[in-house]
Amino acid sequence: MATLDDNLATAKGYMTRWSDGCLNHIGGKAMPAASGKTFATVSPVDMAELAQVAEGDAADIDAAAQAAKAAFPGWRDMAGAKRRDLLHAIADAIEARAEEIAFTECLDTGQALRFMSKAAIRGADNFRFYADRAPEAQDGQSLYGPGQINITSRTPIGPVGIITPWNTPFMLSTWKIAPALAAGCTVVHKPAELSPLTARLLVEIAESAGLPAGVWNTVNGFGETAGRALCEHPAIKAIAFIGESTTGQHILRQGASTLKRTHLELGGKNPVVVFADADLDRAADAAVFMIYSLNGERCTSSSRLLVEASIYDSFTAKVVEKAENIRIGHPLDPQTTIGPLIAPGHLDKVLSYFDIAKADGATIATGGARWGDTGCWVKPTLFTHATNDMRIAQEEIFGPVLTAIPFDTEEKALEIANSVDYGLAGYVWTADVTRAMRFTQAMDAGMIWVNSENLRHLPAPFGGMKSSGIGRDGGDWSFDFYMEARNVAFATTAHKIPKLGG
Ligand code: NAD
């Protein structure tokens, strides 16, 4: 197995390409921002600059939207089978550059290689899944009424804007862009400013695989300028957004004047509910995996651990033991589980919760501190003796930080699980099937896993309730968003038509 030194040497080779900067990609051409402005993307390992990034603004968004608009009729009208073949070719090209994608993602985000090594495979899977659905995307239903046959069909909505966050940018970009392309939409993508590099690789890979120019455009820049301009652009028919709940509110407001269709995948404060009758070893492994993998920077992380009071002490002790054995280190070290958080600003936010927890009366059972003197690492942390009204129990911290709350009864567990603003995911551990059915039907969460960690099945719906979002991805749900339904009613009888005016 390669060592950290081997990987650093390989990564150095991959990073040389960025000496020319991370450019925008509009109408099939790599280009700097119209203003000529750039900003730096740095590695959270050591704050070293990785690249200067084109700082797009409204002018670049306009150029990209015009390119997407011009490319739309050709892409919409391309036979579904041809679109399918092109999307499979993109998946092949992603797999061929899997190592470069993984290493670049590790350095730009701080995510550990043991997870990012699968980013390209998962990204390619997203393309293959939607590639296979492209030929049938326009299909609809026949609905028979009295003297009438209704034929429904779907048609791509038009050029769409896609705005993604920094936590796992490659995977999330593919998850949004693949169904848009399969549906027949053209795309303007605005990646997160904190980790833009793999989005640039992705559009380049797609065109090298044969995607026509203008079908997919990427504009880097900040949310308040480039992102906002994308939401407001009249040629863009819909915005698919992944990010924070407060940003989601801005997206809705910014899209209001052009009546943008909007899909929001937002934050979470997801409960993992452990009843005493569960397989506690498996539950502990899953809870630990769901909060400490991906540095806890994961929308579906199990950030609230609700444990039946009779096993609270023993179960949280198990979590502490596991947390203390987790390897922290350089993201390119194959042994590393926890890498640095994305950026100093986010590090400060996560660290601030340690004081908040203490002030509110919780106990820091493990972690609760920075790791290393430089870089953005945080030790895997468990708060115990927490109550539901504490900020650590209510707010999305988005780090390797878990809040454990005891409960006495099933009713109380449900009340705690549901009494947050969010409703993205939930996890329930119990051997009692009837209770699992009853409990999950009452949970405020768009996605619930019983006796399991988050195991994704691409045909299943993905998305949240309450402040966690509006709309669903996955399976056919993505096509509902990226496509318009059209109904045509054919008269089958010479029915009586009301006669007005003689
Ligand atoms: P963020 O909301 O700060 O930024 C996300 C994107 O929105 C970035 O590209 C940013 O530039 C852009 N943006 C910011 N302000 C904007 C504006 N006014 N108009 C248009 N675009 C704007 O989120 P983040 O900090 O990058 O990501 C972390 C958040 O994402 C967490 O809350 C996490 O839970 C959430 N997330 C959700 C899911 C999900 O599927 N539900 C998945 C991953 C991450």
Number of positions in the stretch 266-280 that are open to solvent by 10 Å² or more (accessible area, probe 1.4 Å) and farther than 20 Å from V433 by Cβ = 1
Which one is most open to solvent (accessible area, probe 1.4 Å) among residues in the stretch 328-363 that are more than 16 Å from the ligand (Cβ to nearest atom) and aliphatic (A, V, I, L, M)?
-> A359
So which of L294, L305 is in the same structural domain as G375 (by TED's automatic domain parsing) and more than 16 Å from the ligand (Cβ to nearest atom)?
-> L305
Could you check how many residues of the stretch 124-182 are part of a helix (DSSP H, G or I) and not hydrophobic (A, V, I, L, M, F, W, C)?
-> 13
Checked pairs for the stretch 240-263, first touching a residue at least 24 places away in the same chain (Cβ under 8 Å) and open to solvent by 30 Å² or more (accessible area, probe 1.4 Å), second part of a strand (DSSP E or B) and within 7 Å of the ligand (Cβ to nearest atom), C-beta under 8 Å and 6 or more apart or across chains, list as T247/F241
Has the stretch 436-443 got at least one residue that is assigned to a loop (DSSP other than H, G, I, E, B) and either open to solvent by less than 80 Å² (accessible area, probe 1.4 Å) or within 30 Å of V320 (Cβ to Cβ) (or both)?
-> yes
Using the structure shown, decide if I90 is in a helix (DSSP H, G or I), buried (at least 23 other Cβ atoms within 10 Å of the Cβ) and more than 17 Å from the chain's Cα centre (by Cα).
-> yes
Do you know which residues across the stretch 33-62 are free of Cβ contacts under 8 Å to residues at least 40 places away in the same chain and over 30 Å from G329 (Cβ atoms)?
-> A34, S35, G36, K37, T38, A59
Using the structure shown, decide if V53 is at pLDDT 95 or above and in a strand (DSSP E or B).
-> yes
Qualifying position, being closer than 22 Å to E297 by Cα, in contact (Cβ under 8 Å) with a residue 60 or more places away in the chain, out of contact with any strand residue (DSSP E or B) (no Cβ under 7 Å at 6 or more places or on another chain) and not hydrophobic (A, V, I, L, M, F, W, C), among N220, N126 | N126
Evaluate the following for D6: is it among the acidic types (D, E), outside any helix (DSSP H, G or I) and either more than 30 Å from W371 (Cβ to Cβ) or open to solvent by 40 Å² or more (accessible area, probe 1.4 Å) (or both)?
-> no
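Conditions (1) under 30 Å from T409 (Cα atoms); (2) hydrophobic (A, V, I, L, M, F, W, C); (3) modelled with pLDDT of 95 or more; (4) within 11 Å of the ligand (Cβ to nearest atom), marked per residue:
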| position | (1), (2), (3), (4) |
| --- | --- |
| P191 | no, no, yes, yes |
| R200 | no, no, yes, no |
| G227 | no, no, yes, yes |
| A235 | no, yes, yes, no |
| A256 | no, yes, yes, no |
| E265 | no, no, yes, yes |
| V274 | yes, yes, yes, no |
| D281 | yes, no, yes, no |
How many of the residues in the stretch 53-84 are over 25 Å from G21 (Cβ atoms) and touching a Pro at 6+ places or on another chain (Cβ under 6 Å)?
-> 6
Condition test on D313, is it free of Cβ contacts under 8 Å to residues at least 12 places away in the same chain and open to solvent by 50 Å² or more (accessible area, probe 1.4 Å)?
-> yes
Regarding D108, is this residue at pLDDT 95 or above, buried (at least 17 other Cβ atoms within 10 Å of the Cβ) and either farther than 13 Å from L202 by Cα or away from the ligand (no atom under 16 Å from the Cβ) (or both)?
-> yes
Out of the stretch 399-422, which residues are within 24 Å of the chain's Cα centre (by Cα) and surrounded by 24 or more Cβ atoms within 10 Å (Cβ to Cβ)?
-> G399, P400, V401, L402, T403, A417, Y422
Taking the stretch 67-99 as the search range and keeping residues that are in contact (Cβ under 8 Å) with a residue 40 or more places away in the chain and of a type in the set (K, R), which one is nearest to Q138 (Cα to Cα)?
-> R76
Filtered residues of the stretch 202-225 (kept if β-branched (V, I, T) and either over 17 Å from A71 (Cβ atoms) or within 13 Å of the ligand (Cβ to nearest atom) (or both)) = I205, T218, V219, T225
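The values are calculated or read from the model by the stated rules, or taken from the named source; none is laboratory data. If you're wondering where the values come from, they're calculated on a predicted model, not measured in any experiment. Here the Cβ is made from the backbone with ideal geometry for all residues, glycine too, and neighbour counts use every protein chain on show. For the accessible areas, the whole protein counts, side chains as well, though only heavy atoms, and no ligand, DNA or RNA atoms are used. Shrake-Rupley method; radii C 1.70, N 1.55, O 1.52, S 1.80 Å.
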